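Single-structure report; data block below.
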Amino acid sequence: MSAESTPGPGIPGPGPQASGHRRSRKAGRRALRVTAWTAAGILVLGGAGVGYLYFRLNGNLKTVDINQMLGSDRPAKVDNGSENILVLGSDTRSGANKKLGGGADDGSARSDTAMIVHVYKGHKKAAVVSVPRDTLIDRPACTDAQGTTHSAATGVMFNSAYSKGGAACAVKTVEAMTGIRMDHYLEVDFSGFQKLIDELGGVQVTTTKAIDDRESHLDLKAGTHTLDGRQALGLVRTRHGVGDGSDLGRIQLQQAFVKALIDQVKQVGVFSSPKKLYDLADTATKAVTTDSDLGSVNSLADFANDLKSISSKNMRMVTMPVEYDPSNPNRVVVAEAKAKLVWKALENDRPIPASATKGTATGQAKGVVTS
């Protein structure tokens, strides 16, 4: 359980800085790459039929009280029918995650995956903005779940917010960057990600090139594959097996995988099997940590039900506009003018303009994975 999580009527949860975009790292330093819709998509299935299992499933849940920890010093909530959700991937090395993630069980966790999911009014479309973990940002002061205040910092990596102060500091940092209030928070860890994919029966993807990365334990020939949980985890973590080895390239792989995952979620015949439905819901409620507003099976089911109409074709996925840092090519900095176009579009519940991402830094893994 992450340090900021507290048991209750809510959902389960799930360091030193890693090296940059083009630098090789040990497997133990590799971070989980999980997309926004891994959590939300699975919960659509799990949440839709959990009424008769309410008491058993409710006992699985853990939450983080973001509202209480951040107080009133936040962007105003926009009442236009849209929702914004911050989704993080956590690579804690404790418990079952030690075997999957490697490294020491020091009780710490890093968040190397961050996605801002904007669900448009009517909940038929969504935009997903990936935030590169190595982005140099100005981190605001924040207070963590234990009441410890962490000072503001300038020119630090984005993922230091979670490492320093957990979920609340990550949310506050995203809100400071974007000027947009995060309505909800979701977090998944190594073990939970793998189990969710296995419970689904795997996810089918097609690779246009071979991917061979010993550090992420992934060896795929070019062609169509049904990835089990371990292979899927390897795919969303791989950097050196494809493209230029950058974090931006890995984000491209993640975004392709999440679209395949959404397609798979909609194809699974879970409702014809009560046992499969329960197993999936049980795994989902143990695997995810969420904000306290989604802190019961009923609330989570209602939230998931609102998302189930969104297909991969109605989802725009982009990377936050960034440029390589002139003084360190292993880091990126926000392309401020273009990023403002993204945040303004989301704030006004409008599509992200193509001009917002044109000419910004990008990886070299686009098209390597398709659904």
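The values are calculated or read from the model by the stated rules, or taken from the named source; none is laboratory data. None of these values were measured; they are calculated from a predicted model. Backbone-built Cβ (ideal geometry, glycine too); neighbour counts: all protein chains shown. Side chains are part of the model used for accessible areas, which takes the heavy atoms of the whole protein and leaves out ligands, DNA and RNA. Shrake-Rupley method; radii C 1.70, N 1.55, O 1.52, S 1.80 Å.
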Would you check if S292 is of a type in the set (G, A, S) and either surrounded by fewer than 19 Cβ atoms within 10 Å (Cβ to Cβ) or out of contact with any strand residue (DSSP E or B) (no Cβ under 7 Å at 6 or more places or on another chain) (or both)? no
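One line per residue, one yes/no per condition, for (1) surrounded by 16 or more Cβ atoms within 10 Å (Cβ to Cβ); (2) touching a Cys at 6+ places or on another chain (Cβ under 8 Å); (3) in a strand (DSSP E or B):
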site: D138; (1), (2), (3): no, no, yes
site: Q146; (1), (2), (3): no, no, no
site: A161; (1), (2), (3): yes, yes, no
site: R181; (1), (2), (3): yes, no, no
Restricting attention to segment 231-254, the residues that are within 23 Å of S312 (Cα to Cα) and open to solvent by 10 Å² or more (accessible area, probe 1.4 Å) number exactly 2
Only one residue in A335, A339 is touching a strand residue (DSSP E or B) at 6+ places or on another chain (Cβ under 6 Å), more than 30 Å from L227 (Cβ to Cβ) and modelled with pLDDT of 90 or more, so which one is that? A335
Scanning segment 168-204 for residues that are modelled with pLDDT of 90 or more, within 22 Å of D144 (Cβ to Cβ) and of a type in the set (D, E) gives E175, D183, E187
Identify, from the list A76, A104, the residue that is surrounded by fewer than 24 Cβ atoms within 10 Å (Cβ to Cβ), modelled with pLDDT under 80, of a type in the set (A, V, I, L, M, F, W, C) and in a loop (DSSP other than H, G, I, E, B). A104
Return yes or no: is I66 modelled with pLDDT of 90 or more and touching an Asp or Glu at 6+ places or on another chain (Cβ under 7 Å)? yes
Residue in segment 200-230 that is farthest from the chain's Cα centre (by Cα), counting only those that are open to solvent by less than 20 Å² (accessible area, probe 1.4 Å) and of a type in the set (S, T, N, Q): T207
Can you pull out the residues in segment 80-95 that are at pLDDT below 75 and of a type in the set (S, T, N, Q)? T92, S94
Among the residues of segment 183-199, which ones are buried (at least 23 other Cβ atoms within 10 Å of the Cβ) and more than 12 Å from T283 (Cα to Cα)? Y185, L186, E187, D189, F190
